[in-house]
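The values are calculated or read from the model by the stated rules, or taken from the named source; none is laboratory data. In this text the structure is predicted, and so the values were computed from the model without any measurement. Note that each Cβ is placed from the backbone with ideal geometry, even for glycine, and that neighbours are counted across all protein chains shown. These accessible areas exclude ligands, DNA and RNA; they are computed on the full protein's heavy atoms, side chains included. Shrake-Rupley method; radii C 1.70, N 1.55, O 1.52, S 1.80 Å.
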Amino acid sequence: MRSNQVGRRNFMKGLAGALLGTVFPPIFKGRVLLGKIECGAGPRLSDSGEDRDEGDYRKHGVMNCSDPAVLQRAFDLGINFYDTADCYMRGKNEEMVGKVFQGKRDKVFIETKVHDHDEKQMRQSVERSLRRLRTDYLDVLVWHNFHRPEEVSDERLFEFMTKMKKEGKARFTGFSAHSNMAPLLKEASTSNYHDVALVSYNFTHSRNLKEAIAQASKAGIGIIAMKTQSGGYKKAAMKGLNPHQAALKYVLNDQNVAAAVPGVTTIEQIEDCAAAMGTVLSQGDLNHLDEYRAFLQGRACTLCGGCTGECPFGVAYGDYLRAILYHDGYRNDELAKETIGDLKTVRDTEQCSECLSCSIACRRGLDIKAEIERANHLVT
């Protein structure tokens, strides 16, 4: 247990020390990730956990990004932490990151993900990621898309991550989640198994999630926020409203959030995000977020974690809603199809049709049953 706590402190120290520059208010504690391949900032750490230098690091996510020029521009802006995954673009995303930062490995902080399988498959996944990323170690390795508290405290999964650390393949470990975040974070706060948690978090979320984030942060877990832009809708779709800098500032204004990873796909977007760093969340920003909240009401799932009720058939409705978010907001049908590719869509459609109304209620007025039907049309 003690070694875990030390490792977690080193992670927090590394990223925090890295981002405490003139562009980051002290409350940021050190992590800001931008995009889906998350390019981030944070000082580099030696194997002992000491800073390698005094560099300033920021973060960027690359899940949706297919343009190497965006990563290069992010790097030029001082964004040095990158989050990707083995499954993004069927591995092409990791390959792009590896190619762009070949020869710069000591200047970037790389995070990727692994799915729960048997140990042989998990090892193969990590090894593939290392080859694609052209590196022999990962700064951060996280489990992809946990759903249940039992996964967070699964000793078998913890043992695998411990092996990855001992073998020098990963320096820090954790998990990611798109739904049910509050119970997962509360469980993580007591399990002492994780250095970092990558969770959906934005201005639409409930107080329950805010409290869970605070609890996990107090327990020493580095909180990285994703889905910060609530869908990434373009100005044209919102009658000229551009609330995305405000949305990013809102998340970073939470002193319990160590980093943020909005979905960035263009140079203009990465420059907008970088420009938001170190600026104050103003009343004008809050007004823009009120308008954005009204625009999203009943229109899109913002992964706010405010669903109530339970599906009697166990339909993974959250994944369907996330696919629609990728379709409507990101305009990325390939990603939407990948998200629901492994789901039993025909069976789920038949089971949903048996219910006169959905037993899951959305606090933001979304018709979940209709959204599941829409998502199914994406793959049929």
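Checked against the criterion of being over 30 Å from residue 66 (Cβ atoms), out of contact with any His (no Cβ under 9 Å at 6 or more places or on another chain) and open to solvent by 40 Å² or more (accessible area, probe 1.4 Å), the stretch 321-341 has no qualifying residue. When 105, 90, 123 are checked against the criterion of being modelled with pLDDT under 90 and more than 17 Å from the chain's Cα centre (by Cα), a single residue qualifies: 90. Close contacts from the stretch 352-380, counting a first residue that is of a type in the set (D, E, K, R) and a second that is at pLDDT 85 or above and open to solvent by 40 Å² or more (accessible area, probe 1.4 Å), with Cβ to Cβ under 6 Å and a gap of 6+ residues or different chains, come to 364/297; 369/358. Checked against the criterion of being closer than 30 Å to residue 137 by Cβ and in contact with a His (Cβ under 8 Å, 6 or more places away or on another chain), the stretch 206-221 contains one or more residues that satisfy it.
Here residue 198 meets each of (1) touching a residue at least 60 places away in the same chain (Cβ under 8 Å); (2) open to solvent by 20 Å² or more (accessible area, probe 1.4 Å); (3) touching a Ser or Thr at 6+ places or on another chain (Cβ under 7 Å) with one exception, condition (2). Among the residues of the stretch 97-115, those that are in contact (Cβ under 8 Å) with a residue 40 or more places away in the chain and either crowded, with 17+ Cβ neighbours inside 10 Å or aromatic (Phe, Trp, Tyr) (or both) comprise 97, 108, 109, 111, 113. Looking at 310, 373, 350, just one residue is over 24 Å from residue 228 (Cβ atoms) and part of a loop (DSSP other than H, G, I, E, B), and that residue is 310. Residues that are at pLDDT 85 or above and on the phi < 0 side of the Ramachandran plot within the stretch 365-380 comprise 366, 367, 368, 369, 370, 371, 372, 373, 374, 375, listed in sequence order.
Selection within the stretch 158-183: residues that are of a type in the set (Phe, Trp, Tyr) and part of a strand (DSSP E or B). The member of this set that is modelled with the lowest pLDDT is 172. Just one residue in the set 298, 318 is closer than 12 Å to residue 368 by Cα, assigned to a helix (DSSP H, G or I) and touching a residue at least 60 places away in the same chain (Cβ under 8 Å); that residue is 318.
Every residue, every condition in (1) within 17 Å of the chain's Cα centre (by Cα); (2) over 18 Å from residue 377 (Cβ atoms); (3) charged (D, E, K, R), yes or no:
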| position | (1), (2), (3) |
| --- | --- |
| 252 | yes, yes, no |
| 261 | yes, yes, no |
| 267 | no, yes, no |
| 283 | no, yes, no |
| 294 | no, yes, no |
| 319 | yes, no, yes |
| 328 | no, no, yes |
| 337 | no, no, yes |
| 341 | no, no, no |
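Applying a threshold of 9 Å to beta carbon distances and a minimum spacing of six or more residues, or different chains, the list of pairs starting in the stretch 254-281 at a residue that is in contact (Cβ under 8 Å) with a residue 24 or more places away in the chain and under 26 Å from residue 206 (Cβ atoms) and ending at one that is of a type in the set (Ser, Thr, Tyr) and part of a loop (DSSP other than H, G, I, E, B) reads 254/201; 257/201; 260/201; 260/228; 261/228; 262/228; 263/228; 263/330.
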